[in-house]
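To keep things clear, I will list the structure first and then write my remarks on it.
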Amino acid sequence: MKAPYSKVVLITGATSGIGKATSARFAKQGFNLILTGRRLGILEELKKKYKRKYAIKVKILSFDIRDASATKKAINSLDSNWKKVDILLNNAGLAKGFDPIHKGKLDHWETMIDTNIKGLLYISRLISPGMVKRRSGHIINICSTAGHEVYPKGNVYCATKHAVDALTKGMRLDLTEYGIKVSQISPGAVEETEFALNRFDGDTEKAKIYEDYNPLTSRDVARTIYFVASQPKHVNIQDVLMMGRQQASSTQIDRSGRK
Ligand code: NDP
Ligand code: 8X3
């Protein structure tokens, strides 16, 4: 799809991993980007790079998506042209901890629920009314295989991603009559992300979970998101469940070396 110069894509969690890789993909195709995340320095670097390399327009918004009023303030700071978001990529999210339910940490649970569910809702509530008014738009939620199956010690993270799956379906039921597409991508393990590092609270040793097999890369997911976003108007890909070839399910992984 060659983007009309005015098309706007808003990506939450664009400072690393899947969000960052997807921002590069859309930038290359000439979309204008609204990039969000908490790390302002990274957002500034991306803005500089994309403007120089692709001559697109880039707006950066640094805020914590768990904070409803900060999210509202950031979106309300956009002028009317930027507010016309064509594609909303609800990507910001994370796993915290890997504990059985009786040992889980409340702050981990709250961070996951507030980010993966409530944050996704806050921004969708702010962006979707404009889409309804214009009777067009595409919301793409980043779910996970963890939104389709549950694995040991994945309890709350899996619950948040099951909630994303339900919200994707619910949003689609509510928004279809307004010509809005709602899709989700459900990847298995993805490297070139900070996902494992965050899950294990910055412990680089514990975060080495991809060394004995080939998982997906953030670029694989970005390519798929772009594919979903670039279908003809009458086509909506509702969900893409994707894993690396060596992964069969959340718990079944061929760890006999990278192949
Ligand atoms: P990363 O940790 O690399 O990226 C997460 C992004 O979310 C960062 O840009 C981060 O930005 C942003 N983010 C996290 N918390 C907040 C917050 N409170 N406010 C604003 N932004 C926030 O991980 P991934 O790229 O892997 O994760 C992206 C999505 O993909 C998540 O929803 C994750 O659950 C999902 N996913 C990941 C898989 C994997 O194996 N990696 C597999 C399946 C799904 P910043 O820190 O600057 O705020
Ligand atoms: C990330 C994939 O298997 O770590 O959503 O839950 S997994």
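Shown for the chain is the translational diffusion coefficient from the Stokes-Einstein equation, using the Kirkwood radius over Cα pairs, a temperature of 10 °C and a viscosity of 1.306 mPa s: 85 µm²/s. Local charge for A21 was computed over the other residues whose Cβ lies under 13 Å away, with Lys and Arg +1 and Asp and Glu -1, and equals +1. The slack in the chain from S249 to V150, taken as 0.36 nm per residue of separation less the alpha-carbon distance, amounts to 34.6 nm. Rolling a 1.4 Å probe over the heavy atoms of the protein chains gives the chain an accessible area of 49 Å² per residue.
Against the criterion of solvent-accessible heavy-atom surface with a 1.4 angstrom probe, L33, L241 sort, most first, into L241, L33.
Among residues other than I34 with Cβ under 10 Å from its Cβ, the summed charge is +3 (Lys and Arg +1, Asp and Glu -1). Its relative contact order, with pairs defined as Cα atoms under 8 Å and 6+ residues apart, puts the chain at 19 percent.
Within the stretch 138-224, the GluC sites (Glu not before Pro) that combine a DSSP coil assignment with at most 12 other C-beta atoms in a 10 angstrom radius are E205, E211. Based on DSSP H segments of at least four residues, each scored -39500 (n - 2.57), the chain has a per-residue ellipticity at 222 nm of -11500 deg cm²/dmol.
Beyond 17 Å, how much of the Cα-Cα pair distribution for the stretch 73-159 remains, as a whole percent? Cα-Cα pairs in the stretch 73-159 separated by more than 17 Å: 56 percent. Among residues other than V240 with Cβ under 13 Å from its Cβ, the summed charge is -2 (Lys and Arg +1, Asp and Glu -1). Among the trypsin sites (Lys or Arg not before Pro) in the stretch 1-96, those placed in a DSSP loop whose Cβ has at most 12 other Cβ atoms within 10 Å are K2, R39.
Computed from Cα atoms, the angle from the helix 155-175 axis to the main principal axis of the chain rounds to 30 degrees. Among the trypsin sites (Lys or Arg not before Pro) within the stretch 106-151, those in coil by DSSP and having at most 11 neighbouring Cβ atoms inside 10 Å are R135. What fraction of the Cα pairs in the stretch 111-259, stated in percent, has a spacing above 28 angstrom? Above the 28 Å cut-off, the stretch 111-259 has 23 percent of its Cα pairs.
The values are calculated or read from the model by the stated rules, or taken from the named source; none is laboratory data. All values reported here derive from a predicted model rather than from experimental measurement. FYI the Cβ positions are ideal-geometry reconstructions off the backbone, even for glycines, and counts take in every protein chain you see. Surface accessibility is based on the protein's heavy atoms, side chains included, excluding ligands, DNA and RNA. Shrake-Rupley method; radii C 1.70, N 1.55, O 1.52, S 1.80 Å.
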